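Take a look at the structure set out below.
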Amino acid sequence: MSKQKLELTWIGKEKRPKLEARILLEDAEKSYYAKRRVTDKDIFDNRLIFGDNLLALKALEQEFSGKVKCVFIDPPYNTGSAFTHYDDGLEHSIWLGLMRDRLEIIRRLLSDDGSLWITIDDNEAHYLKVLCDEVFGRGNFVANSIWQKNFAPKSSARHLSVSHDHILIFAKDSSRWERNLQPRSGMQDSRYKNPDNDPRGGWISDQLTARNPYSKGLYAVLCPSGRLIEGPPKGRYWAVSEEKFWELNKDNRIWWGKDGNNMPRLKRFLSDVQEGVVPQTIWFHDEVGHTQDAKKEVLPYASNVDEVFATPKPERLIRRVLEIATNPNDLILDSFAGSGTTGAVAHKMGRRWIMVELGEHCHTHIIPRLKKIIDDEDKGGISQAVNWQGGGGFRYYRLAPTLIVNDRWGNPVINPAYNAAQLAEALAKLEGFVYAPSETRWWRHGHSSERDFIYVTTQTLSAEQLQALSDEVGADQSLLICCAAFRGVTAAQASERWPNLTLKKIPKMVLARCEWGHDDYSLNVANLPMAEPSPPAGSAPLAALSPLAGEGRKAGRSAPTPDLFGDAGEEA
């Protein structure tokens, strides 16, 4: 019987958005840093991104693929009730599509030894598990941890009072992912006593028998009291050979009881046990907090109680995740930032972080919370437990507007909100180049390798200008030229004449690539067309900022007429 791959199916599964890989624009007025360095380990380059989280994930993909150690997300639960800050209650199929599109990018962002942690309730947990099996591979499923989010039963519950949420854990590659041990608690250490004043310190006794058959595990032992024990209890075997048993006894590692007459047990010393304990899959509220704890932590950043998030996560819960999944300076991502708890905890624990949030609470809740943490004015959550003393900072970004809009005649054109530098960065990103303008070579706007470069201009280039570019680039390098148009030569002639140049016409080169003008994928539906925005105050026109214009004058040639959307010349 042949094995068939089982997949989750839903209406519209075959529909996949053609996402626009947008650039990120920093707003320095909203970025925030500590006034002084507290320690040498302070981290300042964290990122808070305002915008649709699917577009933001796509925007991060080029720079951060394979670099994120841990992703924690707390997506809308699809409960059928509208949350204050989310369009929750999506129809089941749309919710699955929404999650699938995000999970696929998240997997690419994760490092090979990274992991994904998702909090979810019973309504979608089991469908989400199968969906993650499909995206990550069933063999990369780690565990389903249970978090006790409520500790008191609800008398209003129609059937059963729900006390838990699920935390689904997947590794990018389970063969490479390693969990950290959890710190030992004082209660765990208090079990170790020293009734015989052993100089090696406290110990606990552990049984020396097992049910597994062992050929050398049947023999009699003589207690110090003189009592003969014919062998282990019926159906069990000594866990060690007779020779090993008496070696342990000689080393005072066998406990016979206070009177030396009991069934022998093995002494396990606290000094011999591993530094931590293996994480378990049931997380009780007294260990990691509950929903009410989380609301108290968010309350200082809300103007009234009604504004507190319906399902925030306590800082101790996120701390547990990061203790298991990360180490200091690892990169953490939360694309459903909500009240900002992931970034808050990661910051206090010395991890780098990226958070994405579209709601206005990004400004009313998250930024004030982070500022207090940086200024050491936040004494709640895990602050005392990790001895937090402030420091560090973050950079605030917003997603750039869509690159392509329609003019008043319905023709697709470059969004006039883009200046020359932003256009160059956007096209470099769409073409798979790293945007890195050279200070010495005006035509190097970015690179894909040490010898492959990109140049973006809004002008129409002549054959003479292309020849000058080809000469400067040289035969051992290559240059992608994105321009409004070119004249005096056909595309075929250009390819043959200048093999080190590749010509593409703006904006035709990218028109079919993406769904332009979509700013919100939260409901997986197309928004109304965007109004054509005005250029930002103080931004220079695209053609005026083009380096090629100056180069033309230096060479004694007249600069070509800007014709970004015209048909002059041959198309690339």
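The values are calculated or read from the model by the stated rules, or taken from the named source; none is laboratory data. Predicted model, so just to flag it, every value in this text is computed and none were measured. Reconstructed Cβ throughout: ideal geometry from the backbone, glycine too, with neighbour counts over all protein chains shown. SASA here: full protein model, heavy atoms, side chains in, ligands and nucleic acids out. Shrake-Rupley method; radii C 1.70, N 1.55, O 1.52, S 1.80 Å.
Annotation: P412 fulfils all but one of (1) under 33 Å from the mean Cα position of the chain (by Cα); (2) closer than 30 Å to I94 by Cα; the unmet one is (1).
Here is a yes/no grid of residues against (1) of a type outside the set (V, I, T); (2) touching a residue at least 40 places away in the same chain (Cβ under 8 Å):
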site	(1), (2)
V221	no, yes
L228	yes, no
G231	yes, no
K234	yes, no
Y237	yes, no
D251	yes, no
W256	yes, no
S271	yes, yes
E275	yes, yes
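Only a single item in (1) in a helix (DSSP H, G or I); (2) on the phi > 0 side of the Ramachandran plot is not met by N329, and it is number (1). Take the conditions within 30 Å of M355 (Cα to Cα), of a type in the set (S, T, N, Q), touching a residue at least 24 places away in the same chain (Cβ under 8 Å) and out of contact with any Phe, Trp or Tyr (no Cβ under 7 Å at 6 or more places or on another chain) and apply them to N500. Does it pass? The answer is no for N500.
Applying a threshold of 9 Å to beta carbon distances and a minimum spacing of six or more residues, or different chains, the list of pairs starting in segment 55-70 at a residue that is farther than 23 Å from L168 by Cβ and ending at one that is open to solvent by 30 Å² or more (accessible area, probe 1.4 Å) reads L55/H518; L55/D519; L55/D520; A59/K429; Q62/K429; Q62/G432; Q62/V434; E63/V434. Within segment 255-269, if we keep just the residues that are assigned to a loop (DSSP other than H, G, I, E, B) and of a type outside the set (F, W, Y), the residue that is most open to solvent (accessible area, probe 1.4 Å) turns out to be K258.
The residues in segment 173-216 that are more than 44 Å from the chain's Cα centre (by Cα), open to solvent by 50 Å² or more (accessible area, probe 1.4 Å) and among the hydroxyl-bearing types (S, T, Y) can be counted, and the count is 2.
Note on segment 124-211: enclosed strands (runs of 3 or more DSSP E) holding 3 or more residues that are modelled with pLDDT under 95 are 203-207. Across segment 483-523, the number of residues qualifying as open to solvent by 40 Å² or more (accessible area, probe 1.4 Å) and out of contact with any strand residue (DSSP E or B) (no Cβ under 9 Å at 6 or more places or on another chain) comes to 7. The condition (being surrounded by 23 or more Cβ atoms within 10 Å (Cβ to Cβ), under 16 Å from I49 (Cα atoms) and hydrophobic (A, V, I, L, M, F, W, C)) is satisfied by just one residue among A337, A325: A337. Among the conditions (1) in a loop (DSSP other than H, G, I, E, B); (2) open to solvent by less than 10 Å² (accessible area, probe 1.4 Å), the only one that I318 does not satisfy is (1). For L480, are the conditions met, namely being in contact with a strand residue (DSSP E or B) (Cβ under 7 Å, 6 or more places away or on another chain), at negative phi and open to solvent by less than 10 Å² (accessible area, probe 1.4 Å)? Against the criterion (in contact with a strand residue (DSSP E or B) (Cβ under 7 Å, 6 or more places away or on another chain), at negative phi and open to solvent by less than 10 Å² (accessible area, probe 1.4 Å)), L480 does not qualify. Residues that are surrounded by 16 or more Cβ atoms within 10 Å (Cβ to Cβ) and either closer than 23 Å to S93 by Cβ or under 23 Å from the mean Cα position of the chain (by Cα) (or both) are absent from segment 154-163 altogether. Taking every residue in segment 398-420 that is of a type in the set (K, R) and crowded, with 16+ Cβ neighbours inside 10 Å and pairing it with any residue that is outside any loop (DSSP other than H, G, I, E, B) and modelled with pLDDT of 95 or more, at least 6 positions away or on another chain, the pairs with Cβ-Cβ distances below 7 Å are R398/L25; R398/F50.
Considered as a group, the residues in segment 274-301 that are open to solvent by less than 20 Å² (accessible area, probe 1.4 Å) and part of a strand (DSSP E or B) include one that is farthest from Q182 (Cα to Cα), and that residue is W283. Once segment 426-457 is narrowed to residues that are touching a residue at least 40 places away in the same chain (Cβ under 8 Å) and of a type in the set (A, V, I, L, M), the residue that is surrounded by the fewest Cβ atoms within 10 Å (Cβ to Cβ) is V434.
Residue-wise test of (1) in a loop (DSSP other than H, G, I, E, B); (2) under 29 Å from the mean Cα position of the chain (by Cα).
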residue	(1), (2)
W388	yes, yes
Y396	no, yes
A417	yes, no
P437	yes, yes
L461	no, no
S470	no, no
F486	no, no
V489	yes, no
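Note on segment 359-373: residues that are assigned to a loop (DSSP other than H, G, I, E, B) and either crowded, with 24+ Cβ neighbours inside 10 Å or out of contact with any helix residue (DSSP H, G or I) (no Cβ under 9 Å at 6 or more places or on another chain) (or both) total 1.
For segment 110-123, a residue qualifies if it is in a strand (DSSP E or B) and closer than 23 Å to T341 by Cα, and the qualifying residues are L110, S111, G114, S115, L116, W117, I118, T119, I120.
So how many residues does segment 105-132 have that are in contact (Cβ under 8 Å) with a residue 12 or more places away in the chain, of a type outside the set (S, T, N, Q) and open to solvent by 10 Å² or more (accessible area, probe 1.4 Å)? Let's see the steps before the verdict.
The first filter runs over segment 105-132 and keeps only residues in contact (Cβ under 8 Å) with a residue 12 or more places away in the chain, leaving 105-125, 127-132.
Going one step further and asking which of them are of a type outside the set (S, T, N, Q), we end up with 105-110, 112-114, 116-118, 120-122, 124-125, 127-132.
Those still in the list that are open to solvent by 10 Å² or more (accessible area, probe 1.4 Å) too: 107-108, 112-113, 121-122, 127, 129-130.
Adding up the residues that qualify gives 9.
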